[in-house]
Structure formats: structure tokens, C-alpha cells
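> Take this structure, written in C-alpha cells, and hold onto it; I'll ask about it next.
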């Protein structure tokens, strides 16, 4: 917990309905109360927002991941931004622990949108002056914004957990080619070998793992990814890895979207453990699953918020302390 005397009166933190638990944890780390805001709906389903305290001249942070229901949570965030902008906030930072629509970051076929860019434009137009997020699906999304974007990493809590709970002889596996840079970075930090699952995606949310590149025989394996959505890729990858003689297969994913049959797939898969963070609020089924372990990123976000408010560097947050 941070020193209450270090928190200047100028900070105000509010949250929508996407992940109020994380917002409360962040405020506990900062030894300050969560701001009062009414975020609900009218009888016709339109979103109603009313900020319950003075924000004039304040440094406002709005905590709201755009997780499922993504459209509703995104609209809550946009309307909250507009509300504090019209209340004369000095600076508005959108704290988006999980940035939704990030997987639509380029044209993969004719006549398809680049929705990540659209969302970036919506946030800027609404009045956000800065974005604070974690483990963007691809780093180049930062370039879609015309405002500063701070992309934090879950590695400062993931790597110590892996070191403490898994054996030294590890192989870090990327579930696809796009995740290789992330897996390589973890493997380097952990002095582990690197593997790759070659897969072919037949449709969104459906993937068939085809081949494992790398040696896993007699090793504990950790599959590294930024998002687990339906769990199809992960469960298929786990089967391929165990068929190649691995001692165990585990996974670490920052954002636990866990939509559709994901929890059932994790339960029925060869996975020994799935480690996720609290950037997204877990549902009751996920909380009850004995294979799912959740780590909190509240301290990382609290330190980032404080440093941003003080105009200090946040580069120290990328350091890993063992």
C-alpha cells in the first residue's frame, strides 16, 4: 500500500461496471477512495452516467476494460469521458486494462474494418487525453492513437509466479506465430527453451493446432499468450504438447476473456494450470474452476497512475523484481 500522504488531492479515480473490483483494489493501493459515479441504464437500455463529485481542474482516471459485453462497456467509457470533460477535468486518462477490438488491427481480407483504429479515434474524440492499458494484442496499436499510450506488461507478476511455482527445466511455447516475440521474451528472462505451435485458423474462435516446433520431451511447458477467449487454441495446443512427451502443460494468459465454452474446455483439457490476471472480472464458473489461478495487476496500475499524475517516468514498471 502506498503512502496516503503521497497522493495529491488532484487525483480522482472512477470506474464503470466492467471491473469495479480491480478499480477498488487500485484505490486501496493508493490509499484513496474510489470516486462516486452513477453508471447505469435508462429503461430503454441507454446508458446513464452522473459523476457524483467535483472534478474541475482534477487529474481524472477512468478505469474500464472493454471486455464482454464489449460494446456496452465501451459506450460506458465513452460517456464517462464526455461527462468528466464537460465537468472541466484538467486531464482525462482512460485506464483500459483490457483493450477490446485489438484483434481487428489490420485488413486481413477485402472490405473488412480496422476496428482497433476506430476505437482509438472514438476515445480521442470523446475527450480522452491519455490511455493506460496492459499487454496490447499487438504493440503497433499504440500508433493508432494521436494521444499518449502507456502499454504496461503483465510480466512483472507473471515471471515471479512462474519462477516460484514451476521447475527450472521449462519450455515456453507460443500458441501461434504472432506470439513468438512475447514467448521469446519470457523464455529469455526464465532461461527456458522456446517452442511454437503451428496452427491454421478456420474461422474466428476456431483453430486447429497442427504441429509443434521445438522440444518438450520430459519438460514442464508453459504456453504464453495475451488473451484466452474461447479456449480452442489453448486446449488443442495442450493436447499436441502432451502427445510429444511433456511432463506437464500449463498456460499464462494476461486477459481472461473466457467466452462461450472456454471454461469447460480448460477443465477438460490436459492443462494443469491456467494463470490469468484480473484485468477482466472472472465469472462465477471461472472462479469455481480449480485449474484457473488469478493474479492481481492492481499494484502495477496504481504505480502507473501515481507516476502519470506526478509526471514521472513509468519505465520502472517494466522491471521484474524477484
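The values are calculated or read from the model by the stated rules, or taken from the named source; none is laboratory data. No experiment lies behind these values; they were computed from the predicted model shown. Here the Cβ is made from the backbone with ideal geometry for all residues, glycine too, and neighbour counts use every protein chain on show.
> Right, residue 37: under 30 Å from residue 104 (Cβ atoms), surrounded by 13 or more Cβ atoms within 10 Å (Cβ to Cβ) and over 23 Å from the mean Cα position of the chain (by Cα) or not?
Working: under 30 Å from residue 104 (Cβ atoms): yes; surrounded by 13 or more Cβ atoms within 10 Å (Cβ to Cβ): yes; over 23 Å from the mean Cα position of the chain (by Cα): yes.
Judged against the criteria, residue 37 is a match.
Each row is one residue, and each column tells you yes or no for (1) under 18 Å from the mean Cα position of the chain (by Cα); (2) under 27 Å from residue 108 (Cα atoms); (3) surrounded by fewer than 18 Cβ atoms within 10 Å (Cβ to Cβ); (4) free of Cβ contacts under 8 Å to residues at least 12 places away in the same chain.
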residue: 146; (1), (2), (3), (4): no, yes, yes, no
residue: 151; (1), (2), (3), (4): yes, yes, yes, no
residue: 154; (1), (2), (3), (4): yes, no, no, no
residue: 177; (1), (2), (3), (4): no, yes, yes, no
residue: 181; (1), (2), (3), (4): yes, yes, yes, yes
residue: 188; (1), (2), (3), (4): no, no, yes, yes
residue: 192; (1), (2), (3), (4): no, no, no, no
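> Do we have residue 173 as farther than 30 Å from residue 75 by Cα, modelled with pLDDT of 95 or more and not in a helix (DSSP H, G or I) here?
Details: farther than 30 Å from residue 75 by Cα: yes; modelled with pLDDT of 95 or more: yes; not in a helix (DSSP H, G or I): yes.
Yes, satisfied.
> Looking at (1) closer than 28 Å to residue 192 by Cα; (2) surrounded by fewer than 20 Cβ atoms within 10 Å (Cβ to Cβ); (3) more than 16 Å from the chain's Cα centre (by Cα), which is the only condition residue 162 fails?
In the conditions (1) closer than 28 Å to residue 192 by Cα; (2) surrounded by fewer than 20 Cβ atoms within 10 Å (Cβ to Cβ); (3) more than 16 Å from the chain's Cα centre (by Cα), residue 162 misses (2) alone.
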